[in-house]
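K.L.:
Let me give you the structure first, and then I'll get to my questions.
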Amino acid sequence: MKAITTMELEIGLYDWSALPCRKCPSAAHVPGDLLRMARARTLEEAEPHGIDFHVIQDSWTTKTAVPVARVLMAGLADRGISPSARHRFLEFLSSLTVVDDEGIAEECRKEVRAGTWALYEEVLSGRAKGTAAYAYWLLQDVGDGSGAAGATAGGGAAPVAGGRL
């Protein structure tokens, strides 16, 4: 019997067919793409094809962003996720925390704050500098929730250009 992952457990908490998608009738397809990203071994395989422009387009999003943020944070707890997938998870999370809808952005930041231990682990792991930079930037962006976030709070540019590791 295959053990369930933290991501699969988190995915199972939501009725994805009842959540909105920017391009499709519902977000029912999003869990499959999240799991595909988690299994990826390269940056190209980990591209968020079924999420990008569906959950978020530029900085416009839907409330589906919050469950996606929760699933991505749960995925970071899985040590079996490749460095490339971790990079894409953090890259996507960094987009969700600065969307135009401040209510959704704050809910996503709250989910990231709840998993700051995973971000610290990523920064200190030594796996990949670019991935560590995204984790560090997220730590700076989300702060402690008191309004005293780091220097890039308010949506500064992420420190890694071009999504490279």
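K.L.:
Take Lys2, Lys110, Lys129 and sort them by solvent-accessible surface of the protein heavy atoms, 1.4 Å probe, largest at the top.
P.N.:
Numbers: Lys2 150, Lys110 120, Lys129 180 Å².
I get Lys129, Lys2, Lys110, largest accessible area first.
K.L.:
Quick one: accessible surface of His49, probe radius 1.4 Å, all protein chains present, in square angstrom to the nearest 10.
P.N.:
120
K.L.:
Something else: Leaving ligands and nucleic acids out of the surface, order Arg109, Arg39 by accessible area at 1.4 Å, largest first. Could you put the intermediate results ahead of the total?
P.N.:
Values: Arg109 30, Arg39 155 Å².
Result of the area sort, largest leading: Arg39, Arg109.
K.L.:
Do the sum for the chain: with -39,500 (n - 2.57) for every DSSP H run of n ≥ 4, divided by all residues, what is the mean residue ellipticity at 222 nm, to the nearest 500 deg cm²/dmol?
P.N.:
Numbers: 7 runs with 79 residues, N = 165.
Calculated mean residue ellipticity at 222 nm is -14500 deg cm²/dmol.
K.L.:
Largest first, how would Asp100, Asp58 line up by accessible area (1.4 Å probe)?
P.N.:
Final ranking, largest accessible area leading: Asp58, Asp100.
K.L.:
A follow-up question, please. Name the most mobile residue of Ser17, Ser94, Ser84, meaning the one with the largest mean-square fluctuation, in a Gaussian network model of the chain with Cα contacts below 10 Å.
P.N.:
Ser17
K.L.:
Cut-off 10 angstrom, C-alpha nodes, Gaussian network model of the chain. Which of Ala74, Ala105, Ala28 fluctuates the most?
P.N.:
Among Ala74, Ala105, Ala28, the largest GNM mean-square fluctuation belongs to Ala28.
K.L.:
Now for a separate question. With a 10 Å cut-off between alpha carbons and a GNM built on the chain, which of Ala46, Ala132, Ala114 moves the most?
P.N.:
Ala114
K.L.:
Let me know the whole percent of all Cα-Cα pairs from the range 1-93 that are separated by more than 21 Å. Please list the in-between numbers first.
P.N.:
On the way: 1060 of 4278 pairs.
Counting every Cα pair in the range 1-93, those more than 21 Å apart make up 25 percent.
K.L.:
Let me ask something else. Taking the Cα centre of the chain as the origin and placing charges on Cβ (Lys, Arg +1; Asp, Glu -1), which of Ser26, Ser59, Ala118 is farthest toward the positive end of the dipole?
P.N.:
The residue sitting farthest along the positive end of the dipole is Ala118.
K.L.:
Quick one: with all protein chains in place, what share of the accessible area of the chain is carbon or sulfur, to the nearest percent (1.4 Å probe)?
P.N.:
Carbon and sulfur together cover 55 percent of it.
K.L.:
Reachable lysines from Lys129, Cα under 26 Å, same-chain residues fewer than 8 places away excluded?
P.N.:
Within reach: Lys110.
K.L.:
Give the cross-link partners of Lys23 among the aspartates and glutamates, using a straight C-alpha distance below 16 Å as the criterion and excluding same-chain residues fewer than 8 apart.
P.N.:
Lys23 reaches Asp33, Asp52, Asp58.
K.L.:
Calculate, axis by axis, the spread of Cα positions in the chain along the three principal axes, and write the results as whole Å, longest axis first.
P.N.:
If we take the Cα atoms of the chain, the spans are 39, 36, 27 Å.
K.L.:
Using Cα-only point scatterers and the Debye equation, what is log10 of I(q)/I(0) for the range 33-84 at each q in 0.21, 0.27, 0.29 Å⁻¹, rounded to two decimals?
P.N.:
Ignoring solvent entirely, the Cα scatterers give -0.78, -1.11, -1.18.
K.L.:
Then there's this: How big is the range 48-142 along each principal axis, measuring the range of its Cα positions in Å and listing the largest first?
P.N.:
Principal extents (Cα only, largest first): 33, 25, 19 Å.
The values are calculated or read from the model by the stated rules, or taken from the named source; none is laboratory data. Just so you know, these numbers come straight off a predicted model, no measurement behind them. Note that each Cβ is placed from the backbone with ideal geometry, even for glycine, and that neighbours are counted across all protein chains shown. Note: accessible area is taken over every heavy atom of the protein model, side chains too, but ligands, DNA and RNA are not part of it. Shrake-Rupley method; radii C 1.70, N 1.55, O 1.52, S 1.80 Å.
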